[in-house]
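Input: a single structure, listed below in structure tokens.
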Amino acid sequence: MDDIDKKIINALQDGFPICDAPYRRVAMQLELTEQELINRLKALLDNGTLTRFGPLYNAEQMGGALTLAAVKAPKERFDEISDIINAFPEVAHNYARNHELNMWFVIATETPEQIQKTINAIEQQTGLTVYNMPKNQEYFVNLKLEA
Amino acid sequence: MIEARDRQLLEHIQLGLPVCSKPYAEIGRLCDMPETEVIERLTRLKQQGLIKRMGVIVKHRQLGYRANAMVVWNVPDNLIKQLGGHIGRFPFVTLCYQRPKQPEWPYNLYCMIHGKDRATVLKQLEQLVDACGLSSFDQEILFSKRCFKQRGAVYKNTAVTHG
């Protein structure tokens, strides 16, 4: 990743135009040719630097639901538990963290009712208590990270 | 409810925009919609907030952000809104939420700090605690150790943020 790639990532985290020739417009702002922007963006997607290039939807407005959940996975069962939890398509993120509650994951479902169903299924399959910590209030979200 | 034509469009772009000179025309071809209609519908969906943002989703570890701390506090209910607002004004904070307390987990205010290394994150946290007057509240710092899974949440056919 060189400075031009960084410039592209930073610019595209701020948004992407919805118009007939959006890459040309972004390329002009970055003083690149349209083809160069397209080639570099493809390479960044292919080599895994970028997860995805497209829309981010608002879960609640889509009719869906999200929650943050955690379990206390015993050390000797850690890999088994993470395999069970990651196998759920409803689990979007899963992180090991340094605490007794050592596995933290986000559950995203199409309807609010499915959150509880997913939690019940995880409890049943793991035999662990799932701590459910849905959002009460959002104070700040900024997912932009300077490349 | 979301209109059927909008839903069709959202499903087609969820996994990514085409990387070619006329991406919206390309989506139109897939959905059997003229390019102008694709542009009009997406512009409206963005204005309505259903599309939060169009652009790249980065893997923060790939950009060198290896230290990711979730910091939690137990703060009185009557102070939480003010504290949440204050915390969100720090440039290194990526998320700040109120969540319900649990049995054996008495925390209600959550914030995330993404940084290149732990020492930097801890220094930023110290600055935050001082400036917001958080030092008298119970606090825990949970650094991420391993990322097992990171993807945009997929709603049957549609991706969403964890917002």
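Give all pairs with beta carbons closer than 8 Å in which a residue from region A:6-17 that is in a loop (DSSP other than H, G, I, E, B) meets a residue that is basic (Lys, Arg); count only pairs at least 6 apart in sequence or on separate chains.
From residues that are in a loop (DSSP other than H, G, I, E, B), the pairs are A:ASP14/A:LYS144; A:GLY15/B:ARG53; A:PRO17/A:ARG25.
Out of (1) part of a strand (DSSP E or B); (2) more than 7 Å from chain B (Cβ to nearest Cβ); (3) of a type in the set (A, V, I, L, M, F, W, C), the odd one out for A:LEU44 is which?
Among (1) part of a strand (DSSP E or B); (2) more than 7 Å from chain B (Cβ to nearest Cβ); (3) of a type in the set (A, V, I, L, M, F, W, C), A:LEU44 violates only (1).
Can you tell me which residue among A:ILE107, A:ILE119 is more than 15 Å from the chain's Cα centre (by Cα), more than 7 Å from chain B (Cβ to nearest Cβ), in contact (Cβ under 8 Å) with a residue 24 or more places away in the chain and on the phi < 0 side of the Ramachandran plot?
A:ILE119
Return yes when A:ASN58 is out of contact with any Cys (no Cβ under 8 Å at 6 or more places or on another chain), over 30 Å from A:GLN114 (Cβ atoms) and polar (S, T, N, Q) and no when it is not.
Against the criterion (out of contact with any Cys (no Cβ under 8 Å at 6 or more places or on another chain), over 30 Å from A:GLN114 (Cβ atoms) and polar (S, T, N, Q)), A:ASN58 does not qualify.
Do you know which of the residues in region A:72-102 that are farther than 21 Å from A:GLN114 by Cα and of a type in the set (S, T, N, Q) is modelled with the lowest pLDDT?
A:ASN98
Looking at B:ILE51, is it within 25 Å of A:ARG97 (Cα to Cα) and under 20 Å from the mean Cα position of the chain (by Cα)? Working first, answer last.
Values: within 25 Å of A:ARG97 (Cα to Cα): no; under 20 Å from the mean Cα position of the chain (by Cα): yes.
Considered against the rule, which asks whether it is within 25 Å of A:ARG97 (Cα to Cα) and under 20 Å from the mean Cα position of the chain (by Cα), B:ILE51 comes out as no.
Would you say B:GLN14 is surrounded by fewer than 16 Cβ atoms within 10 Å (Cβ to Cβ) and either closer than 22 Å to A:TYR57 by Cα or of a type in the set (Ser, Thr, Tyr) (or both)?
So B:GLN14 does not fit the description; no.
Could you check region B:18-71 and list, in sequence order, the residues that are on the phi > 0 side of the Ramachandran plot and more than 7 Å from chain A (Cβ to nearest Cβ)?
B:ASP32, B:GLY64
Residue check, A:LEU101 against (1) part of a helix (DSSP H, G or I); (2) out of contact with any Leu (no Cβ under 7 Å at 6 or more places or on another chain); (3) aliphatic (A, V, I, L, M), all met but one. Which one?
(1)
For region A:104-125, which positions are part of a helix (DSSP H, G or I) and either crowded, with 18+ Cβ neighbours inside 10 Å or of a type in the set (A, V, I, L, M, F, W, C) (or both)? Show your work before the answer.
Going residue by residue through region A:104-125, those that are part of a helix (DSSP H, G or I) are A:112-125.
Across region A:104-125, the qualifying residues are A:ILE115, A:THR118, A:ILE119, A:ALA121, A:ILE122.
Would you check if there is a residue in region A:76-93 being among the basic types (Lys, Arg) and either out of contact with any helix residue (DSSP H, G or I) (no Cβ under 9 Å at 6 or more places or on another chain) or not assigned by TED's automatic domain parsing to the domain that holds A:LEU128 (or both)?
For region A:76-93, residues among the basic types (Lys, Arg) and either out of contact with any helix residue (DSSP H, G or I) (no Cβ under 9 Å at 6 or more places or on another chain) or not assigned by TED's automatic domain parsing to the domain that holds A:LEU128 (or both): absent.
Do we find that A:MET28 is more than 27 Å from B:ARG7 (Cα to Cα) and not in a helix (DSSP H, G or I) in this structure?
No: the conditions fail for A:MET28.
The values are calculated or read from the model by the stated rules, or taken from the named source; none is laboratory data. Here the structure is a predicted model, which means the values were calculated and not measured. Positions of Cβ are backbone-derived with ideal geometry, glycine not excepted, and every protein chain shown enters the neighbour counts.
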